[in-house]
Amino acid sequence: MQQHSTVPEENLEVDSTHEDTVAKTPEAIQILQLRAELWLERCLNQLQRSINHCLSCTLTTPTTEDSEAAIFQTAVDELSVALGTCSVAIALTDTTVSACSLESKPACQICYMALTAQAQAATLDRSTVILITGKKLCLQVGQPISLEDLQQLQNQHPQSAWQLKDELGIISWLITGTPLQVVDGEPLEALKTQLRQQLVERSLAAVAIALAQSRQIQAIALQYQQLEAQNQELVRANKLKSEFLANTSHEIRTPLSSILGFTHLLQAQGFSPDNLRHQEYLNIILNSGQHLLALINDILDLSKIEANQLEVQMETVDVPELCRSVLALVKEKASDKGLQLRLDLEPHATVLVADSLRLKQMLFNLLSNALKFTSQGTVGLQVKQKSIFIHFTVWDTGTGISQEEQALLFQPYRQIANVVAGRQEGTGLGLALTHKLVELHGGWVEFQSEINHGSQFTIVLPLTAAAGVREQGEQREQGEQGEQGEQSTINNQQSTIDSLILLVEDNVHNAKLINTYLRKLGYQVNWVQNAAQMWQALEGLQPGLILMDIQLPDVDGFTLLQQLQAHEHYRTIPVIAQTAMAMKGDRETCLAAGAVDYISKPIDLKALALLVSKYSNARAV
């Protein structure tokens, strides 16, 4: 059995009297003061450790609000322990309440209460705050509290409410319950009560700093996430670029092989116009060159669209004629694979307003893809008119597209696996370009696909265009009629033309092509390769027209144009700029420098003939 020692009551009275006497000495009071200050620092250190833990978790906290909530809850828990039996709460300001309505609506709401066991036990019968007026306020989460009551708690003694501010103003209020009365004979507790105000104020200062640090950490974390996402996107883009360059290299080298190979055959065998095989070689060279140009145009078109620089030329399109024309382009490829081509035209789907060249490009892309992913069966084009829209549906009996790959269909440079061909074909631009061209027409793309059951892509376009687009199309039609008249003029004048053209071109092959073509039309051509030779030629010639390349080896064409405009003897000579600069704004740049017109490379010989006929009659030899 446990033995309990007992002390005579008279001895307790002596010890108590002795302690009271000792406590009143200066040395004892100083010791008690130090103990109270140590208690204050210990409480603040514990609060700071808990806050630091919250900050360390900020990087993994989903939102800034969650991080701030953790800091607020930590503050009320730690202050509740430090203040003993007092309940502690934080009320957040209601930013939705206007200043003019503070009297009728609560300004704050209690959002955080102490959760420690000690605080919960203490607040069972002490969860109220008493105002000077005798009004009792209940401290419970969700309880509204007016600004007037908070200000009374702040101003009364002992103070029971404190403001927590940041750079934007008051963000919350800290509220403490009524403290217990200090029992006589407890000098240390009395000293702690005196330091209560300092404890709360320094705690709030630590909380304010922690909230600012939390927001800063969250901002840095957000920047890190954004940088990480950008880095992943750059990695993905770099991978796509490598794949794109590899595929593009293959696609470009294939037609180039045909062009170079059959050109060498013609050179070795000696070209004979009557040789049918040689005519076939020439057709292959021409088709390969056109295919090569189409690849380059796809890349340029997508760049123009992404830069909002591509314009569509609207006109009335003969739907049956356009569909038959585009099917003719893929007929040979279908025949080589043993596939059937089918055209299903609804009788009254006859015309629409669109850019015929771009519409043909869109349908060609879809048909080419259908043929690429079909090993046997049929590829078809169906056209139906529905209300004010016309539907062009390209369907096939091919391999189909998985759900995962469907999400990548219209992303540029993306290609899905082709089990039919056994390798990637194309540049991965066809569907992306088609999708963007359809949107430029005011339409959209629909598609359905199922593995091993084929696919179908539908281009939905409005039958008519907006007034501004129709006007653009009418202007284009008028321009084409004018060009047809000019072409007729060229044909009629070819036998009598005797104008001199000064050709400024540094590329020998381009110069020979233009020289040969213009001489065949009846023009005299003097060819020079650079700016220095041009000035020498002008000393003894009076050309009716200058055909100038913009990118010359010694002086750029823009500078030459400006120099010609500044020279009184040469400023009246019309200059046509010919250049590989084919982006939007290049034409305007050339005209601003002094050119009368512009033609882009590769040179369209018929278009060149129209321009030369238009401007070469200004001077004649």
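The values are calculated or read from the model by the stated rules, or taken from the named source; none is laboratory data. In this text the structure is predicted, and so the values were computed from the model without any measurement. Glycine also receives a Cβ, built like all others from the backbone with ideal geometry; neighbour counts cover every protein chain displayed.
Only one residue in Val525, Val612, Val575 is farther than 29 Å from Ile299 by Cα, in contact with a Lys or Arg (Cβ under 7 Å, 6 or more places away or on another chain) and β-branched (Val, Ile, Thr). Which one? Spell out the reasoning first.
Numbers: Val612 fails: in contact with a Lys or Arg (Cβ under 7 Å, 6 or more places away or on another chain); Val575 fails: in contact with a Lys or Arg (Cβ under 7 Å, 6 or more places away or on another chain).
Unique residue meeting the criteria: Val525.
Are there helices (runs of 4 or more DSSP H) fully within the stretch 500-593 with at least 3 residues that are closer than 28 Å to Gln309 by Cα and assigned by TED's automatic domain parsing to the domain that holds Ala607? List them.
Values: elements: 508-520, 531-540, 557-566, 586-593.
The helices (runs of 4 or more DSSP H) meeting that bar are 557-566, 586-593.
Is it the case that the stretch 548-559 has a residue that's buried (at least 19 other Cβ atoms within 10 Å of the Cβ), over 22 Å from Gly289 (Cβ atoms) and more than 38 Å from the chain's Cα centre (by Cα)?
Scanning the stretch 548-559 turns up at least one residue that is buried (at least 19 other Cβ atoms within 10 Å of the Cβ), over 22 Å from Gly289 (Cβ atoms) and more than 38 Å from the chain's Cα centre (by Cα).
Any residue at all in the stretch 308-327 that is surrounded by 14 or more Cβ atoms within 10 Å (Cβ to Cβ), assigned to a helix (DSSP H, G or I) and at pLDDT below 85?
No, the stretch 308-327 contains no residue that is surrounded by 14 or more Cβ atoms within 10 Å (Cβ to Cβ), assigned to a helix (DSSP H, G or I) and at pLDDT below 85.
I'd like the full set of residues that are assigned by TED's automatic domain parsing to the domain that holds Ser80 and of a type in the set (Lys, Arg), limited to the stretch 201-245.
The answer is Arg202, Arg215.
Which number in (1) at negative phi; (2) outside the structural domain of Lys372 (by TED's automatic domain parsing); (3) at pLDDT 50 or above marks the one condition that Asn491 misses?
(3)
Based on this model, can you work out whether Ser288 counts as among the hydroxyl-bearing types (Ser, Thr, Tyr), farther than 17 Å from Ile603 by Cα, without any contact (Cβ under 8 Å) to a residue 60 or more places away in the chain and surrounded by 15 or more Cβ atoms within 10 Å (Cβ to Cβ)? Give the derivation first.
Values: among the hydroxyl-bearing types (Ser, Thr, Tyr): yes; farther than 17 Å from Ile603 by Cα: no; without any contact (Cβ under 8 Å) to a residue 60 or more places away in the chain: yes; surrounded by 15 or more Cβ atoms within 10 Å (Cβ to Cβ): yes.
No.
Please give the number of the condition Asp604 fails out of (1) exposed (fewer than 14 other Cβ atoms within 10 Å of the Cβ); (2) modelled with pLDDT of 90 or more.
Answer for Asp604: the failing condition is (2).
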